[in-house]
Amino acid sequence: MTAAAKGPASYFPSIEKTYGRPVAEWKELIRASPLTRHMELVSWLRTEHGLGHGHANALVAHTRAEETTRS
């Protein structure tokens, strides 16, 4: 039995289905952005790419958490 995703990752299946892009692509867009603050990135994803607040927030939070664990 596979454990269900928790936290921001629990949004990933819905993000991929709703916006038609793999999560990896969204993460690359976030990493490539010159923006650095969490809410700036969330707002950018919402206005430029049409994501809902919860989906944008989950992607930014998960991407930034990965960067913190890699450092």
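The values are calculated or read from the model by the stated rules, or taken from the named source; none is laboratory data. Since we're looking at a predicted model, the values are computed, not measured. Note that each Cβ is placed from the backbone with ideal geometry, even for glycine, and that neighbours are counted across all protein chains shown. In case anyone asks, the SASA skips ligands and DNA or RNA and just uses the protein heavy atoms, side chains included. Shrake-Rupley method; radii C 1.70, N 1.55, O 1.52, S 1.80 Å.
Which residue out of Leu51, Leu59 is surrounded by 12 or more Cβ atoms within 10 Å (Cβ to Cβ), of a type in the set (A, V, I, L, M), within 13 Å of the chain's Cα centre (by Cα) and not in a helix (DSSP H, G or I)?
Checking each option against the conditions leaves just Leu51.
Against the definition (of a type outside the set (S, T, N, Q) and not in a helix (DSSP H, G or I)), how does Arg46 come out, yes or no?
It is false that Arg46 is of a type outside the set (S, T, N, Q) and not in a helix (DSSP H, G or I).
What residue, among those in region 2-43 that are assigned to a helix (DSSP H, G or I) and β-branched (Val, Ile, Thr), is farthest from Glu67 (Cα to Cα)?
Only one residue fits best here, namely Thr18.
Please work out if Pro13 is more than 12 Å from the chain's Cα centre (by Cα), open to solvent by 80 Å² or more (accessible area, probe 1.4 Å) and either acidic (Asp, Glu) or at pLDDT 95 or above (or both).
In short, no.
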